[in-house]
Structures are given as structure tokens and as C-alpha cells.
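Encoded as C-alpha cells, the structure appears first; notes follow it.
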Amino acid sequence: MRKIPQQQRSKELVSRLVEATAQAIRDHGIDKFTTHHVAELAGVSVGSLYQYFDSREDLVEALMQNVTDNLRLGLNTLVLEKTTDLREMVERSVRFGMAFLRADDGLAVELVRNWYRLPTQNVAQLLQDTLLDFMRMYLLKNPLRNNPERLQIRSFVIANSIVFTMIRAISEPS
């Protein structure tokens, strides 16, 4: 029987704990999940959990990093789709965003409903950077004729408006 190195076992356990955190949040909500829920779902003791994470907040931070990494993969694919039609770019972005938010049995909806108290800076930065990339792609083919010096400001307003509107739409109870 092949022995699995300690570092690989640790990585696998951390991954199980992050996935268990996601499931615990789906099952109990962000406010009511506990480290006991996570440990039970991961099939480990609470003591083992605390060898890798100091608190619920650390578990949520690791989960948010995982969400950011998954989102980055999808957005990279979206950005690589060659189009400079603004309507098509916006429609693809919104469809992708809504599909991403609905693809995980309610986890993203719970996270979005509580975004203001979660470590979302990496997700927000990723979304903003991706939307700015879309703007750059569009502007390479369709240069601005008036006020190009205000492009950064316009891009920021558009990117954040799209993100905020999607967050608001998905976080509505209905």
C-alpha cells in the first residue's frame, strides 16, 4: 500500500473542511453554522479542525478564497471569448454571473445576502478587474471619441454598477 505524504493529506483535509464549511452554510446559514457542524460533515474531530483553522471566520475566509478561485476560472474563460459587441459582452457577463450564483444549491445566495460582513474584497476586485478587461477589449475596437481621459472613472462606475445590481437582484428573497 502506497503511503500518502503528510503534506498531501493535510491539503486534502483542508479541502474537505472548506467543502464542509460550504455545506454547513447551505444547511444552517451563515449565522447558525458551527465548527461542530463543519467537523461532523468533514468526518473529523473539532480538535482536528482547529489544527488548521482558528475560528469560523477563518473557515469562511478559506471558503471565500475558494469561491474567488472558481469564479476566476470561469471569468477567464468568459474574457477569452472574442467579441467586441457591447450588448453581447454585457449579456454574457450577466448570464454567467447569474448562473454562477445559482449553481451551488444556495451557497452563493447566502454569501451574497451577507456580503457586507464577509471577506469579499478579493471577489470584488476580481469582478472589477474582469469588467475593466471587458471595457478595454471593447475600446480597442470602439475607441471613445469624447472624454477618453475619464475612461477609468466611467469604467469603474459601470463595473461597480453591474456588480451591485447583480448582488441586489440575487439577494432579494423573491
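The values are calculated or read from the model by the stated rules, or taken from the named source; none is laboratory data. Just so we're clear, the structure is a prediction, and the values are computed from it rather than from any experiment. FYI the Cβ positions are ideal-geometry reconstructions off the backbone, even for glycines, and counts take in every protein chain you see. With ligands, DNA and RNA removed, areas are computed over all heavy atoms of the protein, side chains included. Shrake-Rupley method; radii C 1.70, N 1.55, O 1.52, S 1.80 Å.
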Discussion item. Run lengths n ≥ 4 of DSSP H only: what is the helix-derived mean residue ellipticity at 222 nm for the chain, with -39500 (n - 2.57) per run over all residues, to the nearest 500?
Written reply: -24500 deg cm²/dmol
Worksheet item: From the phi of every residue in segment 122-134, what ³J(HN,Hα) in whole Hz does the Karplus formula 6.51 cos²θ - 1.76 cosθ + 1.60 yield, where θ is phi - 60° and glycine or proline is x?
Response: 5, 5, 4, 5, 4, 4, 4, 4, 5, 5, 5, 4, 4
Worksheet, complete the sentence: Of the convex hull drawn through the C-alpha atoms of the chain, the volume per residue in Å³ is 154 Å³
Response to the item:
Heavy-atom accessible area per residue of the chain, all protein chains kept, 1.4 Å probe, expressed in Å², is 64 Å²
Worksheet item: Taking 0.36 nm per residue of separation and subtracting the Cα-Cα distance, what length does fully extending Ser48 through Ser10 add?
Response: 12.6 nm
Item to complete: Within segment 53-130, list the trypsin sites (Lys or Arg not before Pro) lying in a DSSP loop whose Cβ has at most 16 other Cβ atoms in a 10 Å radius.
Response: Lys82
Practice prompt. Note down the nm distance, to one decimal, between modelled labels 7 Å out along Cα→Cβ at Met98 and at Thr165.
Written response: 1.2 nm
Practice prompt. Whenever you get a sec, line up His28, His37 from highest to lowest accessible area (probe 1.4 Å, protein heavy atoms).
Written response: His28, His37
Practice prompt. Heavy atoms only, probe 1.4 Å: what % of the accessible area of the chain goes to carbon and sulfur, would you let me know?
Written response: 53 percent
Worksheet entry | Ile153 accessible area, assembled protein chains, probe 1.4 Å, Å² | 100 Å²
Worksheet item: Dividing the alpha-carbon radius of gyration of segment 14-99 by 2.2 N^0.38 Å (N being the number of residues), what value is obtained?
Response: 1.44
